[in-house]
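A.B. asks: The structure that follows is given in the form of structure tokens.
The values are calculated or read from the model by the stated rules, or taken from the named source; none is laboratory data. Remember, predicted model here, so these are calculated numbers, not experimental data. When we count neighbours, we look across all protein chains shown, and the Cβ atoms used for this are built from the backbone with ideal geometry, even at glycine. Side chains included, ligands, DNA and RNA excluded: accessible areas come from the protein's heavy atoms. Shrake-Rupley method; radii C 1.70, N 1.55, O 1.52, S 1.80 Å.
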Amino acid sequence: NAVHPKPCPQGHEVIVGPWPPTVGEKTPSGFTVEFWDSENIETGQSQQRRYKVDGQRLPSVTSLLGIIDKSDALIPWAIREHEAGRDWRQTRDEAGDRGRETHQLALDVLMGRQRRLSSLAEEHRPYGQAVLRWLSQRQPEVLEAECMVASVEHGYSGRFDLRARIDGAMPRVDFKSVTD
């Protein structure tokens, strides 16, 4: 865990040691939550997504949900994809790309960052239109977005997409893109 400077071919100082978290936050209840995304911010290489809460590594809500047996739905779906001549892995990956793009569009618009529908891949634009239509109709007042949360008592951590005031209620919103 020692941190040592190392020369860089471009002359920049490079630190060798534990990779820094992608983001760190202090929660209102006083926990320090650090998050490492699936892509290393220093190298661009893939890495395991993870959280540390007050220095203790905790599983994410998504990881915990991964233990739920989904085979009753996923296996028949994969078979239907195969029977239709589609590779289920490609379909899954395309859905992940669509979800990430439309999720980012929603966050950018909510946070006042200028985005155009044309910034989305053409095949994802109908989902972007749905996001913009929902935002226009519901007019959510952003209270918090992409906030990290943790339960040391129950041993998990994660992030929620949005907490907003919508029609007098203050729900937590988790954006999803689905197909029929």
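A.B. asks: Given the residues 157, 136, 177, which is the only one that is closer than 29 Å to residue 94 by Cβ and at pLDDT below 85? Can you show your working first?
C.D. replies: On the way: 157 fails: at pLDDT below 85; 136 fails: at pLDDT below 85.
Among 157, 136, 177, only 177 is closer than 29 Å to residue 94 by Cβ and at pLDDT below 85.
A.B. asks: Contact list please: Cβ distance under 7 Å, first residue in region 145-170 and closer than 28 Å to residue 134 by Cα and open to solvent by 40 Å² or more (accessible area, probe 1.4 Å), second residue modelled with pLDDT of 90 or more and basic (Lys, Arg), pairs at least six apart or on different chains.
C.D. replies: Close Cβ pairs (under 7 Å, with a partner that is modelled with pLDDT of 90 or more and basic (Lys, Arg)) amount to 170/163.
A.B. asks: Is it the case that region 138-154 has a residue that's touching a Lys or Arg at 6+ places or on another chain (Cβ under 7 Å) and on the phi > 0 side of the Ramachandran plot?
C.D. replies: yes
A.B. asks: Of all the residues that make up region 115-128, how many are polar (S, T, N, Q) and within 20 Å of the chain's Cα centre (by Cα)?
C.D. replies: Qualifying residue count for the region: 1.
A.B. asks: Tally the residues that are open to solvent by less than 50 Å² (accessible area, probe 1.4 Å) and at pLDDT 85 or above, restricting the search to region 31-52.
C.D. replies: 3
A.B. asks: Going by what's in this entry, would residue 113 be described as open to solvent by 90 Å² or more (accessible area, probe 1.4 Å) and in a helix (DSSP H, G or I)?
C.D. replies: no
A.B. asks: Quick one: would you say residue 173 is within 18 Å of the chain's Cα centre (by Cα), among the β-branched types (Val, Ile, Thr) and open to solvent by 40 Å² or more (accessible area, probe 1.4 Å)?
C.D. replies: no
A.B. asks: Name the one entry in 81, 123, 101 that is open to solvent by 70 Å² or more (accessible area, probe 1.4 Å), acidic (Asp, Glu) and assigned to a helix (DSSP H, G or I).
C.D. replies: Working: 81 fails: open to solvent by 70 Å² or more (accessible area, probe 1.4 Å); 101 fails: open to solvent by 70 Å² or more (accessible area, probe 1.4 Å).
When all the criteria are applied, what remains is 123.
A.B. asks: Need the failing condition index for residue 112 against (1) closer than 29 Å to residue 32 by Cβ; (2) touching a residue at least 24 places away in the same chain (Cβ under 8 Å), just the number.
C.D. replies: (2)
A.B. asks: Kindly check whether there is at least one residue in region 74-82 that is among the aliphatic types (A, V, I, L, M) and within 20 Å of the chain's Cα centre (by Cα). Show your work before the answer.
C.D. replies: Residues of region 74-82 among the aliphatic types (A, V, I, L, M): 74-75, 78-79.
Then drop every residue that is not within 20 Å of the chain's Cα centre (by Cα), which leaves none.
Within region 74-82, none of the residues are among the aliphatic types (A, V, I, L, M) and within 20 Å of the chain's Cα centre (by Cα).
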